[in-house]
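Inspection log for the structure reproduced underneath, given as C-alpha cells.
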Amino acid sequence: MEIPSKYNPAEVEDKWYKYWMENKFFHSEPDEREPYTIVIPPPNVTGVLHMGHMLNNTIQDILTRRARMLGKNACWVPGTDHASIATEARVVNKLKNEGISKFDLSREAFLEHAWEWTNKHGGIILEQLKKLGASCDWDRTAFTMDEIRSESVIKTFVDLYDKGLIYRGVRMVNWDPAAKTALSDEEVIFREMQSKLYYLKYRIEGSESEFVTIATTRPETILGDTAVCVNPNDPRFTHLKGKRVLVPLINRSIPIIEDEYVDMEFGTGCLKITPSHDVNDYEIGLRFNLPSIDIFNEDGTMSEAAGMFVGEDRFAVREKIMVDLEAAGNVAKVEDYNNKVGFSERTHVPIEPKLSAQWFLKMDTLIKPATENVLNDTIQFYPPKFKNTYRHWMENIKDWCISRQLWWGHRIPVYYLPDGGFVVASSDEKALALAQAKTGNANLKMTDLHQDEDVLDTWFSSWLWPISVFDGISNPDNKEINYYYPTNDLVTGPDIIFFWVARMIIAGYEYRDLFPFKNVYFTGMVRDKQRRKMSKSLGNSPDPLDLIDTYGADGVRVGMLLCSPAGGDLMFDESLPQQGAGFVTKIWNSFRLVNGWEVDYKIPQPEHSKLAISWFHEKFSQIVEQTDDHFDKFRISDALMNVYTTVRDEFSGWLLEMVKPAYQQPIDGKTYEELIDIFDEVLRFSHPFMPFVSEEVWQLLKERQQGDSITISSWPKSTGYDETLIAQFEDVKEAIAGLRTIRTKNNIPQKDQLELAIMAGDKGFAPEFNSVLVKMGNLSTLNLVTEEVKLAASFLVKSTTFFVPMGGTIDVEEELKKLQAELDYTKGFLNSVVKKLSNERFVSSAPEAVVAVERAKQADAEAKIKVLEEQIAGLK
C-alpha cells in the first residue's frame, strides 16, 4: 500500500480508538494474572476537560498501558463525581434562567431537573478523555450517585453511626452564603486581602466620657457582640474589671471579661466577642457562658436578630454602619490592613463562621493506621516531601462536618420520630421497623417519620471510591474486590491530599484493614510560561481539544510530559505540543524511509550493518533497564526523555544512518529483517506515551492479523548489555562527529570521500568498528599511523588522534588556534579534577567507585594534554 507522506492524527486516532474499543482491549475481568489496578480521580459531572485533567490522565494512561504490556491484568476504572455544591449551583442557575426558583419546587421535582442535567452533561468529560487515548475499562464506568455507590455511602454512614463515630451537634462551621450550606475546613481557601481595620469606641456603662476602643475588620458584626474581652495580665485595663460597656448604635449592655487568649499587642488589646460569628469568640463564649446572637440569615443578609439593616447584604451593611458609627461619634480611626479571608472553594464567596446543627464524623481514632502507614512508607508518596504536609494535617485534624444543606447528593439516612428522637437506617423499611421497635408503636407508618433534609458531603462518597467501584462495601467478600483491591497507583494533585487522598486511606484501613493504593504520584499545577495558574478568567488556558485538533493526541501527550517532574509545576507553552508533534513526525518519517528501501535477500550483510545492529541491541537493552528504573521511581518525564532520545538519536540519528543503503541501492535482507524487529521493539517502547502513532506504524510494519494490536504486545525486556561495547561505540560516534565538523569547517560535501589516518592512544579507538567509520565518514582510506600527519586537520577522541590530510588547503593558524583552545579547556578541566582529588574529605568519604571515576578523568585529561601539546609543537 502507498504510505501517505504526512501523518494524519485525526484519521489515525479515530480509527484505532474504535478498533481498541471493538476488540475490548481495555476490559478486564479477574483471572490468574497479576492485577494492575488504578482508579481515576472522578472528575465532576459539571466538568469539561482542562489542562490539569490532560496531565493527570496522560500519566494514568501511560502507567496502565505499560502494565498491560508487562502482562498484567490492567484495570483502569473511570467514573464521575456528583459534585453536590457545583452541580446544584448549575441546576439552580439553569432554572433561574427559565424563571423558576429552586424553592418553588418540591425536593423531588428539583431532583428530576438535577438528574436530567446530569444525564445530559455528565458524560462529556469522559468522552473527551477518549480523544486523549485513555485506555479505561469503560464497561466499569461508575458514578458516585449510581445505585451501587449510593448503597455503599448509606451503608457506611449507618455503620459509622452504629460504631458511635457519627454524631449531631451544634458547632461553629464554615458557612457558604451563596450555596447556603456548611463546608469542611478543607473546602475553605484563604486569600490575602487588602482590608480595613476599624477602631470603634464602646462607652463604659454609667459613664458619659469613658470608652474602651476595640479594633475589628468587620464592623457589621458588632450587632452580635455579647462581651468585650481583655487579657488579665494587661495593666492598661485592670480598672475595667467587673464593668460593662454599651454596644454602639444599639446600646446593648455587655460585660467586660478577662481571658489570656487576647493578644495584648494586637489592635488596642480589647477584643469584641461575637460568639455566633467567629470560631475563637465561640470558644470564649462557651467558657464564659455568653449568649450567642446570630445576626446573619443563611444567604449572608442581616437577620431579625441584628435589630438593624434587616434583609440587607453583609457587605453593603459594612459601608452603611460605618456612616452611622461616624455620625454617633463611635469611630476612633480607620487603618489599611492586610489579612487572610476564607473563601468557599466552590462558589468563591467569603465564608461566614456560623453556629449550626450539623452531622460530624469523629476522626481521632480513625486516622491512626492511615497516619502510621504513610509515615512508615507502607504507602509511598512521590515526591516524598508531601509526607510532611500529610503528617501535619493528620496531627491537627478536626472532626469532619459531613452534612450539607443541599438537595443534590446522598440524603442523610436519619429519620426523625413524631415525638422526638430519631433512628438511623439504610432504607425506609428498616427505618420504620426500628422506629416501631424504639417507640413500641406497631401502628407507626412511614408518613409519621421525617427524613433529615440534608445530604452528605460529596467527599463522603469519593473517600470510598477504590472500594466502592468494586462493590466492596455492600459485598465485602466478592470476587472483584478480593482480586483488584488494593489498587496499585493513584495519580492526583496535592491540592486534594486532605479532601480525598487522606480520607481514602482512612476508609481503606477502616473497611479493608489495608491501604487503598501502594503509591501516590502527585502531579504539579499546570501554569503558563509566566508561572500563572491557568484559568478562564486570565484567558491563559488553551482548550485541550483544540490542542489535540492542532497537534494530535500523541503530540499533546508528549508535550505535556516534556517538563513535568513529579510534584513540580508544569510551565506550559504551545511550543511543547508542537515539539511533541514534531516527534510524532520523526517516527512517521523513519518508517517511510525504511519502508521505501528495496530489499535484496541475495546480497550479504555488510560488516558495518552487522556491527550497528549488534550495538543497538546492547544500547537499547541498557536504555530499557534505565527506563524501567525510572518507572519504578515514578520519574515519568525521565522515562519519556529516554524514549524521545532513543527514537531521535540512537534509532533515527545513528542506526538508520548506519544501515541505510547507498543511493538507489537495495538493502540486504538480513539487515532489513533485523531492523524491522528493532523498529517493532522501539514502537512498543514508545507506545505507552504515544499510543496512536505507535499502533499505526506497528500495524504497517509487518503483516498483522485481525485482533492484533500493539496495545496487547509485550513491553521490551532488558536482557543485559555489554558496557564495553557501548562505551567503544560512543568513541566511534565522537569520531564521526569530528569528521562531520571538519567537513563543515572546510566546506567539504558529504559525497566527497575523505582519507583518514589514526594515531591510536590507549583509549578512544577500537579497530573492530573501522567499517562503521568508513561508512559514516564516507572514507576512501583508513590507515593507522605512529606519528603525526603533517598538513592535516585533526581532532582527539580521548588519547587517540584522528588526522584528515588536507594537502595545501589547511589553515595552520586556524588549526593552532583550535588546538590551543582545546588545550586550555582540558587544562582547566584537569585542575578541577585534581582539586577534587586533593580534598582528603572527598577521597575518604566518597564511594570507591566515584573516586575511581575521578582518577580515570585525571588520567584521560593528562594523556589528552600530552597529545595536544605534541600536535601544537608539530605545527609550529
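The values are calculated or read from the model by the stated rules, or taken from the named source; none is laboratory data. Because the structure is predicted, anything quoted here is derived from the model rather than measured. Please note: Cβ atoms are built from the backbone with ideal geometry, for glycine as well, and neighbour counts cover all protein chains shown. Keep in mind that these areas ignore ligands, DNA and RNA; they rest on the heavy atoms of the full protein, side chains included. Shrake-Rupley method; radii C 1.70, N 1.55, O 1.52, S 1.80 Å.
Structure summary
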| quantity | calculated |
| --- | --- |
| Shape category assigned to region 286-356 from the gyration tensor of Cα positions, a/c cut at 1.5 | rounded |
| Region 49-147, accessible area per residue, ligands and nucleic acids excluded (1.4 Å, Å²) | 37 Å² |
| Positive-end extreme of charge dipole, the chain - chosen from Q380, F795, V424 (charges on Cβ) | F795 |
| Options (1) 54; (2) 45; (3) 41 - which one matches percent of Cα pairs over 41 Å apart as calculated here | (1) |
| D185 accessible area, 1.4 Å probe, all protein chains in place, Å² to nearest 10 | 80 Å² |
| Lys, Arg +1 and Asp, Glu -1 on Cβ, resulting dipole of the chain about Cα centre, debye, nearest 20 | 1040 debye |
| Quotient of Cα Rg and 2.2 N^0.38 Å for region 827-871, N being how many residues it contains | 1.26 |
| Prolate/oblate/rounded call for region 703-770, Cα gyration tensor, a/c under 1.5 rounded | oblate |
| Sulfur and carbon atoms: percent of accessible area, the chain [1.4 Å] | 50 percent |
| For region 312-425, the fraction of alpha-carbon pairs in successive 10 Å shells from zero, as % | 9, 21, 25, 23, 15, 7, 0 |
| Length released on extending from A849 to E862, taking residue separation times 0.36 nm less the Cα-Cα span | 2.7 nm |
| Unit charges at the beta carbon, dipole of the chain: most positive-side option, F157, A852, T181 | A852 |
| Loop GluC sites (Glu not before Pro), region 760-801 (other Cβ atoms within 10 Å of the site Cβ: 15 or fewer; DSSP) | E787 |
| Charge dipole (debye, nearest 20) of region 232-391; +1 at Cβ of Lys and Arg, -1 at Cβ of Asp and Glu | 340 debye |
| Cα gyration tensor shape of region 704-858, rounded if a/c is under 1.5, else prolate or oblate by comparing a/b with b/c | oblate |
| Solvent-accessible surface (1.4 angstrom probe) belonging to D573, in square angstrom, nearest 10 | 40 Å² |
| Surface per residue (accessible, 1.4 Å probe) for region 182-226, Å² | 41 Å² |
| Longest to shortest principal axis, alpha-carbon extents of region 628-710, angstrom | 45, 34, 18 |
| Per residue value of the accessible surface for region 374-477 (all protein chains in place, 1.4 Å probe), Å² | 43 Å² |
| Spatially proximal lysines relative to K241 (Cα-Cα < 26 Å; intrachain offsets below 8 disregarded) | K201, K272, K333 |
| Burial order of peptide ranges 330-340, 137-147 (average beta-carbon count within 10 Å, highest first) | 137-147, 330-340 |
| In region 163-211, GluC sites (Glu not before Pro) in a DSSP loop with at most 16 other beta-carbon atoms within 10 Å | E205, E208, E210 |
| Trypsin sites (Lys or Arg not before Pro) restricted to region 160-225 and DSSP loop, no more than 15 other C-beta within 10 Å | K163 |
| Exposure of M172 as accessible area (Å², to 10), given a probe of 1.4 Å and all protein chains | 30 Å² |
| Mean separation of Cα contacts under 8 Å, 6 or more apart, over the residue count of the chain: relative contact order % | 12 percent |
| Which listed pairs, of K818/K866; K102/K445; K163/K368, have C-alpha distances above 27 Å, in listed order | K102/K445 |
| Anchor K340: lysines whose Cα lies under 16 Å away (excluding residues fewer than 8 positions away in-chain) | K196 |
| Cross-link reach list, lysines versus K702, counting only Cα pairs under 23 Å and skipping chain neighbours closer than eight places | K6, K15, K18, K24, K586, K602, K610, K660, K670, K717 |
| Over the chain: helical MRE at 222 nm, DSSP H runs n ≥ 4 each giving -39500 (n - 2.57), nearest 500 | -13500 deg cm²/dmol |
